[in-house]
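The values are calculated or read from the model by the stated rules, or taken from the named source; none is laboratory data. Keep in mind the model is a prediction, meaning the values are calculated, not measured. Positions of Cβ are generated from backbone atoms using ideal geometry, with glycine treated the same way; all protein chains shown enter the neighbour counts.
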Amino acid sequence: MKESLNDMLQGSVSAWLQNIEIVCRDAFSLGTYLAIQPKHVIQLGGTFFTVGLLKSLIALLAIFSKASVVHISNKNNKQNVMVWCLLFSVLGNILSAATSSVLLYFVARLICVASIPVQAILKSEITKHSKDTDESSKVLMNLETIGTVGFMVGRVIGGYSGDYVTGNEYVYMSMIGNILISIVLVKSLPEEDTKQTKDSKKSKDAQKHMNIIEEAWQEMSSLFTDLSMLATSQYKDVFAIKLFVEYVSVINFNALGTTLNAEYRLPMATIGYCIVFNMTVPIVASWFVSTVRSRYYAEDSGYLRVRHFTSVLVATYAISSVTSDLPVFILAITVNSAAKSFIDSALDDLLHLKIEADQSKGKRNRTTIALKCFNNINTIAQLIGPLTSGILSCMFSIRSNFLACALFMILTNRLSET
């Protein structure tokens, strides 16, 4: 492993460490921001619907932004492209801290989306300089773990900041500081030689801009095109279950912090700890997934586990929607998070069984599309989940999010029986 790290990124260990620091700082900033986002939007005159709409718009713009920026970085100096993305984010955070208008705040946060593709560029560089696919997969998994830890720490720090009157300003200033440090780190990464001449750049300039638009649109449309193609295949039940589970998970995550604050009057710092605890539960539960599967579900292809654990989700969401007892609520969301880990494992098993069946029939192209779609389902959930949560909170109540989740899980349970 030591040799692979030394060979990576043009043989520079320092460059590898800089990638880690950039990813960690980005995840930390995201955690701190999400801790204060709902509170800040409402302070500016927004509603829960405004919060949900903003999150969905950010998810939508992120798809276009990632495709466009990665396309540009493939034709230009990557360091310069990343620096410009980060500078746009600095501008967005300055506007976020200074504005008193919810509309301008929307614009500011959408400007910050420009920095989202930076991680995609860094990860593509890691993949390019890795010896093989296994090595890059291990490194990217390690980066994801580091990013998760950074997000958790940021979520707690953001919670503490949110309890202060000037907490919002502290968060945005810390984000700006992290971005400026990331710019320095990006500029110190090894530069790649650009073989494309200035004349060829000018001659292809119009075509390049067209390609950017086409690629961004293709990235967005492919999410739904591939899914619609597989809707009539043997994958349809697995994809439908996966979509409902992820969709409900996003709704639940968006309602959780707001519920703890509005219904139970918990301080922002305590909410941060609750959410971090809720994020660690699936990690702990994953240690027992294989044991439970081998001991109690040895003959199960995956559907039985889906039925059993979606029933658990129905119960926990129903309890979360009505209980006024905080310990009961915490217990419900804890069991909920653990149950989702078992559902995810069951869906992975079902997907691999169907892929093996397709490969035995020589349909390798469809299996590639299936894997891509399965991984992109969470993106679709991020597009519609926050908006759904905002609508439910405004039209009914915050607790109605959990009731809706229970109803969706009843439907998912029925799908696993067909």
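Numbers at a glance
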{"quantity": "Selected residue [at pLDDT 70 or above, exposed (fewer than 14 other Cβ atoms within 10 Å of the Cβ) and of a type outside the set (D, E, K, R)] from 276, 184, 238", "calculated": "184"}
{"quantity": "Subset tally (residues that are of a type in the set (Phe, Trp, Tyr) and closer than 15 Å to residue 313 by Cα) for the stretch 368-418", "calculated": "2"}
{"quantity": "Flag for residue 374 being of a type in the set (Phe, Trp, Tyr) and at pLDDT below 95", "calculated": "yes"}
{"quantity": "Residue list for the stretch 359-418, filter: within 20 Å of the chain's Cα centre (by Cα) and of a type in the set (Phe, Trp, Tyr)", "calculated": "374"}
{"quantity": "Single match in 110, 87, 53, 103 (criterion: out of contact with any Gly (no Cβ under 9 Å at 6 or more places or on another chain), farther than 24 Å from residue 187 by Cβ and assigned to a helix (DSSP H, G or I))", "calculated": "103"}
{"quantity": "Cβ-Cβ under 7 Å pairs, at least 6 apart or on other chains, the stretch 279-298 side over 13 Å from residue 345 (Cβ atoms), far side assigned to a helix (DSSP H, G or I)", "calculated": "279/152; 281/334; 281/337; 281/338"}
{"quantity": "Output for the stretch 118-168, where each listed residue is within 21 Å of residue 277 (Cα to Cα), among the hydroxyl-bearing types (Ser, Thr, Tyr) and more than 18 Å from the chain's Cα centre (by Cα)", "calculated": "160, 161"}
{"quantity": "One residue from 304, 313 being closer than 21 Å to residue 414 by Cα and crowded, with 17+ Cβ neighbours inside 10 Å", "calculated": "313"}
{"quantity": "Filter result for the condition that a residue is among the polar types (S, T, N, Q) and under 26 Å from residue 158 (Cα atoms), over 323, 291, 259, 310", "calculated": "259"}
{"quantity": "Residues being crowded, with 19+ Cβ neighbours inside 10 Å and either part of a helix (DSSP H, G or I) or on the phi > 0 side of the Ramachandran plot (or both) - total across the stretch 381-405", "calculated": "15"}
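Okay, residues lined up against (1) under 23 Å from residue 78 (Cβ atoms); (2) modelled with pLDDT of 90 or more; (3) not charged (D, E, K, R):
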| residue | (1), (2), (3) |
| --- | --- |
| 104 | no, yes, yes |
| 114 | yes, yes, yes |
| 124 | yes, no, yes |
| 131 | yes, no, no |
| 144 | yes, no, no |
| 152 | no, yes, yes |
| 161 | no, yes, yes |
| 200 | yes, no, yes |
